[in-house]
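Take a look at the structure set out below.
The values are calculated or read from the model by the stated rules, or taken from the named source; none is laboratory data. Just so you know, these numbers come straight off a predicted model, no measurement behind them. When we count neighbours, we look across all protein chains shown, and the Cβ atoms used for this are built from the backbone with ideal geometry, even at glycine.
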């Protein structure tokens, strides 16, 4: 995760708002020797050794004060793979105030997901309460009903998304002469094309409103910077930029009734707003819900960043994907001048594009699948029964599995055709779900948006790395985010394709 001291320095915490305890976290002057001693005693209490039984998973050694945090932050993937080699497929690591049982056998993820006593609801509540500041009564039932409405309207929502993407592409290509190239920062390009399409297909056309894709992008930058710490329970006042961003969200977000009155607002948002209004939920909770939904969809833009970056690096993959897409278009229209139209199912069946998307997710995923252990639970792993204590956490860390050399050859290399006619196995047995970019569930709309955008991008644009060949690198300090951000943005060049 991001170094807390560095993050707090960028947040510019005003000195007058800092308690003595916060000064210690910041590395500033101590308020008093007494405060320092009290803080040390508190930490020692939190990390005091507890008695464990032989039936519990083995405990990975770490710092008495900081647990396994330093090892995880230094290189989370390698730390967990090394721990599995030494301790087996289920072991316990410690973070501040938490004992987390790490499951590292992909064949046991189904049991992990089905166990009722390994509950995501408390984690979901913790995230929505701490980060997005809302609670939803009877959330399972309400979201289930809203999701049904969303699935029923998925086709219409995808059509609107496609139309907004085409608008964005038309705008980028406007004024470009044949053979003329333009240079732009990659994240800016995606914000104006893909994220604009995502935002407007959710909230309706919002370009001229105060709350639009441009403002949301800037607000997310400050909200996501402290995301891991705030959901873990650090108070938001420690992150002034994050707090200010949320104040801006609540002042700019349209009123719920306004969203209901918009003809082009998504069916899902309208369904949830109607239900929350009927239950007399506060407006702040409705705003919080909508920001959660936007946050989930924002990951499509983040994943697409890595897809394009991969093609800037691997020109063989770039040529192969363009060839597959050109063949599909030519098979539709032949020598005619007709415009080829594709359904989502047709795009979904393109084998090389499908493999490429999976490989992009494999390397860019940073998600942490955590469950609360709500009662003492016995979990069967590697032919042995382990006791998980009530009050602990259980977790799967997909990035470690995605880069596991026992599952993948050259796991840190990008191979666009890795998943074509190639089963992923572990210990000689097929892995049913080898790619878990968002955990065990991946919203259908996310995959459709991602594939359709890349199909259209490769059909309409030619693109290349900017002069000097600079490409982006993963920010591994941001593990815990669903999709890793880049260390820094990069410029790239694009031009219209002569089809």
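One table, with the values for the structure above:
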quantity: Boolean, residue 410 is assigned to a strand (DSSP E or B) and farther than 21 Å from residue 299 by Cα; calculated: no
quantity: Filtered residues of segment 344-366 (kept if farther than 14 Å from residue 458 by Cα, assigned to a loop (DSSP other than H, G, I, E, B) and in contact with a helix residue (DSSP H, G or I) (Cβ under 9 Å, 6 or more places away or on another chain)); calculated: 366
quantity: Residue that is crowded, with 20+ Cβ neighbours inside 10 Å, at pLDDT 95 or above and farther than 18 Å from residue 151 by Cβ, where the choices are 311, 260; calculated: 311
quantity: Test: residue 247 is modelled with pLDDT of 95 or more, surrounded by fewer than 22 Cβ atoms within 10 Å (Cβ to Cβ) and in a helix (DSSP H, G or I); calculated: no
quantity: Failed condition for residue 327, given (1) crowded, with 16+ Cβ neighbours inside 10 Å; (2) assigned to a helix (DSSP H, G or I); calculated: (1)
quantity: Which numbered condition residue 186 misses (of (1) over 25 Å from residue 366 (Cβ atoms); (2) surrounded by 15 or more Cβ atoms within 10 Å (Cβ to Cβ); (3) in contact with a strand residue (DSSP E or B) (Cβ under 6 Å, 6 or more places away or on another chain)); calculated: (1)
quantity: Segment 426-440, subset surrounded by 14 or more Cβ atoms within 10 Å (Cβ to Cβ) and part of a strand (DSSP E or B), residue nearest to the chain's Cα centre (by Cα); calculated: 437
quantity: Qualifying residue in segment 254-261 (condition: within 21 Å of residue 191 (Cβ to Cβ) and over 20 Å from the mean Cα position of the chain (by Cα)); calculated: yes
quantity: Whichever residue in segment 177-191 is more than 20 Å from the chain's Cα centre (by Cα) and modelled with pLDDT of 95 or more and, among such residues, is nearest to residue 275 (Cα to Cα); calculated: 185
quantity: From 283, 272, residue being under 19 Å from residue 201 (Cβ atoms) and either free of Cβ contacts under 8 Å to residues at least 60 places away in the same chain or surrounded by 20 or more Cβ atoms within 10 Å (Cβ to Cβ) (or both); calculated: 272
quantity: Some residue of segment 389-397 being assigned to a strand (DSSP E or B), modelled with pLDDT of 95 or more and more than 24 Å from the chain's Cα centre (by Cα); calculated: no
quantity: Only listed residue being assigned to a strand (DSSP E or B), more than 30 Å from residue 247 (Cα to Cα) and at pLDDT 80 or above, chosen from 72, 91; calculated: 91
quantity: Every residue from segment 467-496 that is modelled with pLDDT under 95, at negative phi and more than 21 Å from the chain's Cα centre (by Cα); calculated: 467, 470
quantity: Residue 321 vs. criteria assigned by TED's automatic domain parsing to the domain that holds residue 158, within 26 Å of residue 356 (Cβ to Cβ), in contact with a strand residue (DSSP E or B) (Cβ under 9 Å, 6 or more places away or on another chain) and not in a loop (DSSP other than H, G, I, E, B); calculated: no
quantity: Of the criteria (1) surrounded by fewer than 17 Cβ atoms within 10 Å (Cβ to Cβ); (2) closer than 30 Å to residue 292 by Cβ, which one residue 371 fails; calculated: (1)
